[in-house]
Amino acid sequence: MKSPRTLIVLSCFVSIAFFAGDTRGSLEANVAHFPITTPAGNAYQEGNKEGDKLVYADFETAKDNRPVSSRDGLVMLYAYQERRTTPSRYKGLEGANPPAPEFARPSKESPNKAIAFDYELPGTNQYAGVGVQIHGQPEKDGKPVADDVSGYKYLTLQLYATGVTSMTVEFVSRGQGIDTNGPPRLTFKLMPGFNTYRVQLNSINQPSWADPKIDHKNALKKLTSINIVATYDQCVPTKGTVVIDNLIFQN
């Protein structure tokens, strides 16, 4: 019997204000932590927990002036759409190749860094999306390097987004013998503000159209990257901003 999908949200309501400087802008936060119940499951205040954790990406360091994961993995923007004549668009770090998000700050005074990008999804496509792909480690000999995260129960991430009501987190394994066109994922509803979302890893699964089907545990054993994607519903055109920080695997 499959476990129900579980998403846990720790909310911190914020207003957005951008400032000039080395990073894209800042999130002026009025911090008020409290649990919220969402359609995806129950929310509980996380508190301080003992146990191992893997800080997958906190975006505190840069390589070649662009964001990288906590162990120097590539961080890049990408887009897809049904019709090439009406492409999805994004705006991140100017001049980056491959495309990269910009740095952002939680507040004007805070030294903490996050990543941010703008996106636009045209309504003439039946499906379209813009996302950020975060590799845990740099490639070795031209091949993706895998992490075994199957021993963790949750992935937590901090996220703020406008223009969409939900986001999708995908767990990708490439070059490890278990490739598929539809990796295990979880789509979750967004709450207002800059929030911490906690995804239960035994609840992720592939979309119905995915081919071939794989065991999500195998993908977690050979994880090469995490995708965080904004998509639209019902072909409605939309645009907005996404801010992401602190992807952490933990028990």
Residue pairs, Cβ under 7 Å, 6 or more apart or interchain, first in the stretch 139-155 and open to solvent by less than 50 Å² (accessible area, probe 1.4 Å) and in a loop (DSSP other than H, G, I, E, B), second of a type in the set (D, E) and modelled with pLDDT of 95 or more. List them. V145/E139
Of everything in the stretch 196-211 that's surrounded by 19 or more Cβ atoms within 10 Å (Cβ to Cβ) and of a type in the set (A, V, I, L, M), which residue is nearest to the chain's Cα centre (by Cα)? V199
Criterion: over 24 Å from I248 (Cα atoms), touching a residue at least 12 places away in the same chain (Cβ under 8 Å) and open to solvent by less than 50 Å² (accessible area, probe 1.4 Å) - qualifying residue of T180, T124: T180
Could we say that I214 is surrounded by fewer than 21 Cβ atoms within 10 Å (Cβ to Cβ) and hydrophobic (A, V, I, L, M, F, W, C) here? yes
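Tell me the residue from A146, A116 that is of a type outside the set (F, W, Y) and closer than 16 Å to A230 by Cβ, please. Even if it seems obvious, please write down each step before you answer.
On the way: A146 fails: closer than 16 Å to A230 by Cβ.
One residue alone meets the criteria, A116.
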Assuming A219 fulfils every condition listed in (1) touching a Gly at 6+ places or on another chain (Cβ under 8 Å); (2) over 17 Å from L157 (Cβ atoms) apart from one, which condition is it? (1)
Any residue that is touching a Ser or Thr at 6+ places or on another chain (Cβ under 9 Å), farther than 22 Å from P67 by Cβ, of a type in the set (A, V, I, L, M, F, W, C) and not in a loop (DSSP other than H, G, I, E, B) - is there at least one of those in the stretch 195-209? yes
When the stretch 58-104 is checked residue by residue, the ones that are open to solvent by 40 Å² or more (accessible area, probe 1.4 Å), farther than 18 Å from V130 by Cβ, assigned to a loop (DSSP other than H, G, I, E, B) and of a type outside the set (K, R) are D58, E60, T61, D64, N65, S70, D72, G95
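Tell me, yes or no, whether the stretch 222-238 has at least one residue that is open to solvent by less than 30 Å² (accessible area, probe 1.4 Å), of a type in the set (S, T, Y) and modelled with pLDDT under 95.
Residues of the stretch 222-238 that are open to solvent by less than 30 Å² (accessible area, probe 1.4 Å), as a first pass: 223-230, 232, 238.
Subset that is of a type in the set (S, T, Y): 224-225, 232, 238.
Imposing the further condition that a residue be modelled with pLDDT under 95 reduces the set to 232, 238.
Scanning the stretch 222-238 turns up at least one residue that is open to solvent by less than 30 Å² (accessible area, probe 1.4 Å), of a type in the set (S, T, Y) and modelled with pLDDT under 95.
The values are calculated or read from the model by the stated rules, or taken from the named source; none is laboratory data. All values reported here derive from a predicted model rather than from experimental measurement. For neighbour counting, all protein chains shown are included, and Cβ atoms are generated from backbone atoms with ideal geometry for every residue, glycine included. The protein model used for the area step is the full one, side chains on, heavy atoms only, and it has no ligands, DNA or RNA in it. Shrake-Rupley method; radii C 1.70, N 1.55, O 1.52, S 1.80 Å.
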